[in-house]
């Protein structure tokens, strides 16, 4: 660290702590009275401008929350490419344990305050998904799909990739005309409508975000699909009745670790021993809570499970896991698109909310992109079937065949039962 | 149950117990002094001829082991199709808990006696895999692949399907010329030789079956591959050195539940944070030990894990699960082929060993076929990569593309790192 005479002893002490914590990362830190560089020997990847000593001290005491909040408030600025800076930071921290007692306390406190019981879920979901739809329209695709897309190649557009994802989900579920589907956590309804329109199924789609349900119902009416797609404003725990297939894209992250058995029971009540299911979720390679700052400011109550934890839902009901696919790189690509669109719309976001909100969401999107890029976050699609499911795919080849749906489906064969 | 006057009170009592335990299964039971039918109302699926009261009493006390042993000894015979009979039996029993204290004791006893430490593994593997190779040649494919094949369609031959399986494994691992591979549990060496010959890699292949290693080494010499395939007669726990890819097909079942962490460490030592791996194993939808009779007579120390249990190997090392595929129906098909060939060779098997052995193996093959058919057994192929693996597949489409290997491989892309 360059010793800058104009820094006070306290500044020097705090700065040294911060630079130590970021390991060998090549950064320049600017305080209002001088500049210091980490001793990595490489040219700095970015300059972090820390405007006041409270922000600097916060980085020592509770680094994640303080960085997130100070960045949002403009008391910390990153001069240079935010994604490159975060990527370098994540890679330096990837094996570091969070040793801050204050961060640990914050994590436990958030866990207690954001439990996903029925009321807690409603509050947690409201916080994120009931932000006005106009906000999400600024940076999502035209179908408003707020989950990982599927890019047949990295160059296809986001719009195409979201349609491709929905079709991929339908094919993995082998949906057939006349079948019934339950969707848990349906967002603005794009997948439910896609399934009904393109695969001829009837869908009951559940969501506790009022704003999203209202939007989805209007779309169903406008597209003449209200007779086959019912949007229900209710908790997944209240799903009842039998269906052929169960699908949930991007909801498990919000169910909460302590409710996986409930969720498993809900799925089992829906598809019994003969149905199929698909769960699409953000996960981890090993158990680790979600960023405390993201839980505090963006996604209250969220938790990305490992495959082992997700399997806890399925084992008690003897479901067979048929297929697990990791689409991590597709989520990084999806977030690249979202972030690019978001950054173009940031002035409108700031006008719609305020600049603190606009900066917080920029950090959240950039941080999520980096999480998927470096692999601290994973994206799993898991297909399963009840133990007496009468038809199972013989191979997965038909998922990748360029042929009409009918032929494609004929490649599915009746299970040898 | 038909009351047959010639049955004694004890016979009637025991028979009633046996028929009660098989639920609603339509069978006819023949004792030497009469015949009884289960009261299912359907025509019987088979006639079970029980030649003596000891066999009958055994079915009540310890049904699984007694049925297996008495069948092997010819004291119980099944008149009718053995596979159909077993399928009906498995389906009747599928939700029944084993309540026999004697079976439970036997299960615990076997677990203790067949532990998979270094010495125990050698003894357990010797019991099964060191039966003469001539025996396995009677009913396996010409490459002597003793694991689940991959049938691109149900009608392809076993020989084709075993080659297809080996190629599928190579493609899932994205092997490239010059890379190094470690194989744990290599059987008679077919996969190791296939990888070296068709994908240009160097292989170190481990096995503790002496008979198999001797055979594999001879094949390597005959095919001029000894410079690129080294067959090592040693325990997987002694694998050392670094490689690009780790593969294990059909060995995890023999590692034993208590050694998964050791196995995970072995894999981690081999591929570190940058390599890829594939584990192919017989598994379960939920925790349940392997048949006590199969453990006693056929596969000492074997245990088919659930996906959750298998994931325990991977989580501590931050491996990313990339792909899980369930090939259960392919194992049922593989076993259909094996059983058909086996039944044709049964007289030779009886001459090579004795009729008790020949009948025991027929029951084991038929029972395994039925396990995969009804779903009490699953077959998982799990692909994973270290957290810093420099290349990951963008999609799985190339696994199913009909194109030359080179082009296929170019569809793999460098991870966004």
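The values are calculated or read from the model by the stated rules, or taken from the named source; none is laboratory data. Keep in mind that this is a model prediction, so the values were computed, not measured. Reconstructed Cβ throughout: ideal geometry from the backbone, glycine too, with neighbour counts over all protein chains shown.
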Looking at the range A:149-163, which of its residues are within 14 Å of chain B (Cβ to nearest Cβ) and assigned to a loop (DSSP other than H, G, I, E, B)?
A:149, A:150, A:151, A:152, A:153, A:154, A:155, A:156
Quick check: is even one residue across the range A:285-308 facing another protein chain (nearest Cβ under 9 Å), in contact with a strand residue (DSSP E or B) (Cβ under 7 Å, 6 or more places away or on another chain) and closer than 19 Å to residue B:283 by Cβ?
yes
Hey, residue B:351 hits all of (1) within 8 Å of chain A (Cβ to nearest Cβ); (2) assigned to a helix (DSSP H, G or I) but one; which does it fall short on?
(1)
Assess whether residue A:311 counts as being within 7 Å of another protein chain (Cβ to nearest Cβ) and closer than 17 Å to residue A:152 by Cα.
no
What about residue A:267, is it more than 8 Å from chain B (Cβ to nearest Cβ) and in contact with a strand residue (DSSP E or B) (Cβ under 9 Å, 6 or more places away or on another chain)?
yes
Taking the range B:373-395 and the residues there that are out of contact with any strand residue (DSSP E or B) (no Cβ under 7 Å at 6 or more places or on another chain) and farther than 30 Å from residue B:291 by Cβ, the one that is farthest from the other protein chains (Cβ to nearest Cβ) would be B:386
Report, by residue number, each residue of the range A:129-139 that is assigned to a helix (DSSP H, G or I) and more than 16 Å from residue A:213 (Cβ to Cβ).
A:134, A:135, A:137
Within the range A:314-327, take every residue that is more than 7 Å from every other protein chain (Cβ to nearest Cβ) and crowded, with 23+ Cβ neighbours inside 10 Å and give me the one that is nearest to residue A:282 (Cα to Cα).
A:327
Residue check: is residue A:66 closer than 24 Å to residue A:304 by Cα, modelled with pLDDT under 90 and in contact with a helix residue (DSSP H, G or I) (Cβ under 9 Å, 6 or more places away or on another chain)?
no
Please determine whether any residue of the range B:257-270 is surrounded by fewer than 23 Cβ atoms within 10 Å (Cβ to Cβ), within 30 Å of residue B:67 (Cα to Cα) and over 15 Å from the mean Cα position of the chain (by Cα).
yes
Please work out which one of (1) at pLDDT 95 or above; (2) within 20 Å of residue B:252 (Cα to Cα) is the condition residue B:294 fails and give its number.
(1)
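Residues checked against (1) more than 14 Å from chain A (Cβ to nearest Cβ); (2) on the phi > 0 side of the Ramachandran plot; (3) out of contact with any strand residue (DSSP E or B) (no Cβ under 8 Å at 6 or more places or on another chain):
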site	(1), (2), (3)
B:54	yes, no, yes
B:58	yes, no, yes
B:64	yes, no, yes
B:67	yes, no, no
B:73	yes, no, yes
B:80	yes, yes, no
B:84	no, no, yes
B:90	no, no, yes
B:93	no, no, yes
Kindly indicate whether any position in the range A:178-186 is within 14 Å of another protein chain (Cβ to nearest Cβ) and buried (at least 18 other Cβ atoms within 10 Å of the Cβ).
no
Pick from the range B:2-26, criterion closer than 23 Å to residue B:88 by Cβ and part of a loop (DSSP other than H, G, I, E, B), ranking: modelled with the lowest pLDDT:
B:2
Return the total of residues in the range A:10-31 being touching a residue at least 60 places away in the same chain (Cβ under 8 Å) and under 17 Å from residue A:49 (Cβ atoms).
4
Just to check your reading of the model, which residue among B:333, B:261 is in contact with a helix residue (DSSP H, G or I) (Cβ under 8 Å, 6 or more places away or on another chain), farther than 28 Å from residue B:179 by Cβ and within 14 Å of chain A (Cβ to nearest Cβ)?
B:333
